[in-house]
Amino acid sequence: MSPETVRDVAMAERLVQARASIRRQLCAVIVGQEAIIEEVLIALFARGHCLLQGVPGLAKTLLVTSLARILDLQSSRVQFTPDLMPSDVTGNEILQEDPVTRARSLRFVKGPIFANLVLADEINRTPPKTQSALLQAMQEGQVTAGGSTHALPRPFFVMATQNPIEQEGTYPLPEAQLDRFFLQALMDYPSLEEERRIVVETTGAGVPKLETVLGAAEVVELQDLVRRVPVPDAAVDFAVRLCRATRPQDPLSPESVRSWVSWGAGPRASQALVVAAKARALLDGRLAVAQDDVTRVAAPILRHRLVLNYQAEAEGVRADDLVARLLNALA
């Protein structure tokens, strides 16, 4: 094997060990939600961003802060409200005066978005202009203010949350903005036994101790390694056919899609499927992608990119149901 291959294999083994430690520590802090933890790790190492939907009180903030401590990353939390301005997120220029010369100059004060892990809490409670400021930073990895461009730190990961039960005073993200999120994770209520554990473990005096597993530089290296994971043509073709089948005007789409879907997933979804499959394979200790990897990440990658019509809503069809139908048809 070449030196580069040997190094990649060593890094892959390091990621497998780190994943086991990260999962163990997060599961000690957050009871249940193993699937959510897995999807968040896939998004992080795929260099994407996560849209997390769930009711209040399910440990979304705790997940971000705990992950930041385990990975030795800087974290921040932004509570999105109707009066939040873009500069409250990205930062602003202020006029300052030199105490000696009395000369005045503009200085850029960085906002909370200048962190490695950013929790955008209830992103749909702020107007579109503030939403777009966050999404621009997610897409470009930089912030422009006063004619100057400021690079965001690496790694840079945004986890935005949405409350599915309250609609008053909200500004739902348009489909074009939803497409910027790598995947959408659905956080559900814990089971009876899990909720009992939550109550017992969080009402006592003991606090789990978190240990650092990876640093920022290692996370960036592993993100680069994900991009180098080879993907067979069959897996790429499957991902592309799956995305094209979600578009009602495409010849590949079945009758169910034409009946229930207004708009399907775009090319960014095909890209996300392949990169997420790479991250999943690597987290599992494999340096090659299988078609099953694409299948396993299909629901979180596609569910927020499908615009269902009124007929689907009337018949109680969910995006996940449609994705499952398509996977069965293409398998």
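Step by step: first the residues of segment 143-192, then only those that are part of a strand (DSSP E or B) and more than 17 Å from the chain's Cα centre (by Cα), then the one that is farthest from Ala115 (Cα to Cα). Which residue is that? Outline the logic, then answer.
Of segment 143-192, the ones part of a strand (DSSP E or B) are 143-145, 148-151, 157-162, 183-186.
Then keep just the ones that are more than 17 Å from the chain's Cα centre (by Cα); that gives 143-145, 148-151.
On the way: Val143: 12, Thr144: 16, Ala145: 17, Ser148: 19, Thr149: 16, His150: 13, Ala151: 11 Å.
Looking at the filtered set, the residue picked out is Ser148.
Does Ala216 satisfy being surrounded by fewer than 16 Cβ atoms within 10 Å (Cβ to Cβ), more than 15 Å from Ala43 (Cα to Cα) and hydrophobic (A, V, I, L, M, F, W, C)?
yes
Looking at segment 43-90 only, could you name the residues that are among the polar types (S, T, N, Q) and closer than 22 Å to Ala276 by Cβ?
Answer for segment 43-90, where residues must be among the polar types (S, T, N, Q) and closer than 22 Å to Ala276 by Cβ: just Gln53.
Which residues, taken from segment 198-214, are among the aliphatic types (A, V, I, L, M), assigned to a loop (DSSP other than H, G, I, E, B) and modelled with pLDDT of 75 or more?
Those that are among the aliphatic types (A, V, I, L, M), assigned to a loop (DSSP other than H, G, I, E, B) and modelled with pLDDT of 75 or more: Leu210, Val213, Leu214.
Residue-wise test of (1) surrounded by 15 or more Cβ atoms within 10 Å (Cβ to Cβ); (2) touching a residue at least 12 places away in the same chain (Cβ under 8 Å); (3) assigned by TED's automatic domain parsing to the domain that holds Arg19.
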residue: Pro174; (1), (2), (3): no, yes, yes
residue: Phe182; (1), (2), (3): yes, yes, yes
residue: Pro190; (1), (2), (3): yes, yes, yes
residue: Thr212; (1), (2), (3): no, yes, yes
residue: Val236; (1), (2), (3): yes, yes, no
residue: Ala239; (1), (2), (3): yes, yes, no
residue: Ala245; (1), (2), (3): yes, yes, no
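Does Arg154 count as at pLDDT 85 or above and more than 19 Å from Val40 (Cα to Cα)?
Working: at pLDDT 85 or above: yes; more than 19 Å from Val40 (Cα to Cα): no.
So Arg154 fails the test.
Taking Ala312 as the residue in question, decide whether it is touching a Phe, Trp or Tyr at 6+ places or on another chain (Cβ under 7 Å), closer than 19 Å to Asp250 by Cα and buried (at least 18 other Cβ atoms within 10 Å of the Cβ).
Yes, satisfied.
Check segment 227-249 and report whether any residue there is over 26 Å from the mean Cα position of the chain (by Cα), hydroxyl-bearing (Ser, Thr, Tyr) and assigned to a loop (DSSP other than H, G, I, E, B).
No.
So Ser87 fits all but one of (1) in a helix (DSSP H, G or I); (2) surrounded by 18 or more Cβ atoms within 10 Å (Cβ to Cβ); (3) over 21 Å from the mean Cα position of the chain (by Cα); what number is the exception?
(2)
Which numbered condition trips up Phe80, out of (1) under 23 Å from Ala137 (Cβ atoms); (2) modelled with pLDDT under 80; (3) touching a Lys or Arg at 6+ places or on another chain (Cβ under 7 Å)?
Evaluating Phe80 over (1) under 23 Å from Ala137 (Cβ atoms); (2) modelled with pLDDT under 80; (3) touching a Lys or Arg at 6+ places or on another chain (Cβ under 7 Å) leaves (2) as the failure.
Name the single residue that is surrounded by the fewest Cβ atoms within 10 Å (Cβ to Cβ) among those in segment 90-110 being polar (S, T, N, Q) and assigned to a strand (DSSP E or B).
The residue in question is Ser105.
Report yes if Asp224 is assigned by TED's automatic domain parsing to the domain that holds Val55, in contact (Cβ under 8 Å) with a residue 40 or more places away in the chain and either out of contact with any Cys (no Cβ under 9 Å at 6 or more places or on another chain) or within 26 Å of Leu117 (Cα to Cα) (or both), otherwise no.
So Asp224 does not fit the description; no.
Please indicate, with yes or no, whether at least one residue in segment 20-29 is without any contact (Cβ under 8 Å) to a residue 60 or more places away in the chain and basic (Lys, Arg). Quick ask: steps written out before the conclusion?
Filtering segment 20-29 down to residues without any contact (Cβ under 8 Å) to a residue 60 or more places away in the chain leaves 20, 23-24, 26-27.
Now narrow it down to the ones that are basic (Lys, Arg): 23-24.
Within segment 20-29, one or more residues are without any contact (Cβ under 8 Å) to a residue 60 or more places away in the chain and basic (Lys, Arg).
Could you tell me whether segment 111-123 includes any residue that is surrounded by fewer than 16 Cβ atoms within 10 Å (Cβ to Cβ), of a type outside the set (A, V, I, L, M, F, W, C), modelled with pLDDT of 80 or more and out of contact with any helix residue (DSSP H, G or I) (no Cβ under 7 Å at 6 or more places or on another chain)?
The first filter runs over segment 111-123 and keeps only residues surrounded by fewer than 16 Cβ atoms within 10 Å (Cβ to Cβ), leaving none.
Among the residues of segment 111-123, not one is surrounded by fewer than 16 Cβ atoms within 10 Å (Cβ to Cβ), of a type outside the set (A, V, I, L, M, F, W, C), modelled with pLDDT of 80 or more and out of contact with any helix residue (DSSP H, G or I) (no Cβ under 7 Å at 6 or more places or on another chain), which makes the answer no.
Select from segment 246-272 the residues that are of a type in the set (Val, Ile, Thr) and either at pLDDT 90 or above or touching a Cys at 6+ places or on another chain (Cβ under 7 Å) (or both) and list them in ascending order.
Thr246
Select, from Arg47, Arg102, the only residue that is on the phi > 0 side of the Ramachandran plot and either within 13 Å of the chain's Cα centre (by Cα) or among the aromatic types (Phe, Trp, Tyr) (or both).
Arg47
The values are calculated or read from the model by the stated rules, or taken from the named source; none is laboratory data. Predicted model, so just to flag it, every value in this text is computed and none were measured. Here Cβ is always computed from backbone atoms with ideal geometry, including for glycine, and neighbour counts include all displayed protein chains.
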